[in-house]
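What follows is one structure encoded as structure tokens, with my remarks underneath.
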Amino acid sequence: MTIARTAPEDNVTTNRRTELDWLRIGAFALLILFHIGMFYVPWEWEIKSPRLVPWLQIPMDWSTPWRLLLLFVISGAATRFMSVRLAPRALWQSRSLHLLPPLLFAVVVLTPPQMYLRAIEQFGYHGDFGHFLRRYFDFDRSFCRPDDCLTMPNWNHLWFVAYLWIYTSLLLALQACVPGLLTRMRHLAGRQLGGWRLLVVPALVLGLAHICLEHFFPETHDLVDDWYLHAIFFLAFLFGYLFIFSDEVWRDFVILRWIALPIALLSYAAHTAYILHFQGASFIPLDVKVPLSLVYGFEQWAWIVVAFGFARRHLASSDGAVRRYLTEAIFPYYIVHQPAIIFVAYELAKLRLPLALEATILIGSTGVICALTFEVVRRVSLLRPWFGLKPARSGERDAAWPRLRHWRNRIAPNLREMP
């Protein structure tokens, strides 16, 4: 069975795919929980808890291989959806207005306080924030230790936004410079992705990328030397753009979900055993590393097949106010969640609360800060672009702050009557 015999436009509709919204919401929610966990595990991060929980690495490793890969597939699909309604130039302008202001806001406003706390915690900095801020915008490279240096300015956790904008620009440039290329790619690749091959072929490609690139270009998020991540993330973005709106692909995802699930679980178990056995080892034999890289490729892709298959089966018609709210809220949540985690965790660590209570407060506080930020931002037109929100329509502006207006209308007459 082949996936595509027609042009990409033929299988793309303007109907919203609610399952993609739910998957995007779920992936970002996992990312927020993952960053909360990063405070407690030994992995390198902005700041660290004085009471590390090493076993937490095992559940955190579950979503690490595939969570961001899934987001890039969904982003590619969203770009394809927009391309039906917008010309390439208008599409690029729309994506730029959606992605670049939050990226600039993060670099200028959100990242400096995070980097300041990291300089204190990891590099022994004792100066005040004003002095640090001048060094931040002076491209200071003097915060160094043997294995690490602070890069300033920095886009921090919004590297995802920068990469997404670059991949979108690259895709549209290819489309403009080589007309018909994407259609030919869709036809050629579609012949290799029908039926069971939808599970196996992408997994093998990911495994081979891990073998050929990951050792030489480990994950950095620094753009210029991040070639392993560029390879897999751009391919994921391209897959979403070319294939996610194919009915045949969705049908295969649903059929393959029960086959992919045990493969995903077994791959995760093998990867976990590999990490536990070779943790801290200075040398890993190639006859172990190469097969495990292929297993890692199946772990990455099998979970994505599981996610798309079950989402299509159970969430395609699941719509309502919660989905609509979270679809708009999740990007502002993503933008503000990491500084919220870092500031709350930094202060909580000083209190030496019981660890379970501390983690509960950290999770709850992060959620509250994200929710309050969104509720304020969505109502203030000047703030909306900096958090990735479209300009409010006139009806939305008229409906803003309804409760505040209610109390103002009740209180104002009384105030006027006061002597």
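Observations on the model:
- The phi torsions of region 311-324, fed into the Karplus equation with coefficients 6.51, -1.76 and 1.60 and a -60° offset, translate into couplings of 5, 5, 6, 10, 10, 4, 10, 8, 10, x, 5, 5, 4, 5 Hz, rounded to whole numbers, with Gly and Pro shown as x.
- Region 273-351 shape via C-alpha gyration tensor axes, a/c threshold 1.5: oblate
- Candidates Ala106, Ala273, Ala371, ranked by Gaussian network fluctuation over the chain, Cα under 10 Å, top entry: Ala273
- Taking the average, over residues, of other Cβ atoms within 10 Å as the packing measure, peptides 241-250, 298-307 rank 298-307, 241-250 from highest down.
- Three-way shape call for region 210-281 based on the alpha-carbon gyration tensor, with the a/c threshold at 1.5: oblate
- Taken as Cα centroids, region 335-363 and region 132-198 sit 30 Å apart, rounded to the nearest whole angstrom.
- Residue with peak Gaussian network fluctuation, the chain [Cα springs, cutoff 10 Å], from Phe28, Phe160, Phe283: Phe283
- Coarse-grained scattering of region 8-387 at q = 0.06, 0.09, 0.12, 0.14 Å⁻¹, given as base-10 log I(q)/I(0) from a Debye sum over alpha-carbon atoms: -0.24, -0.56, -1.04, -1.43
- Reachable lysines from Lys350, criterion Cα separation under 21 angstrom, eight or more residues apart if same chain: Lys48
- Calculated mean residue ellipticity, 222 nm, the chain: -23000 deg cm²/dmol, from DSSP H runs (n ≥ 4) at -39500 (n - 2.57) each, averaged per residue and rounded to 500.
- Rg/Rh, computed from the Cα trace of region 83-228 with Rh as the Kirkwood radius, has the value 1.09.
- Protection proxy ranking for 148-158, 127-137, using the average of other Cβ atoms within 10 Å per residue and placing the highest first: 148-158, 127-137.
- Across the chain, the mean sequence separation of Cα contacts (distance under 8 Å, 6 or more residues apart), normalised by length, yields a relative contact order of 25 percent.
- Euclidean distance of C-alpha centroids, region 205-252 and region 267-296, integer Å: 21
Readers should treat all values here as calculations from the given coordinates under stated rules, not as data from a laboratory. Values in this document were obtained by computation on a predicted structure and should not be read as measured data. Every residue, glycine among them, receives a Cβ derived from its backbone with ideal geometry; neighbour counts consider all protein chains shown.
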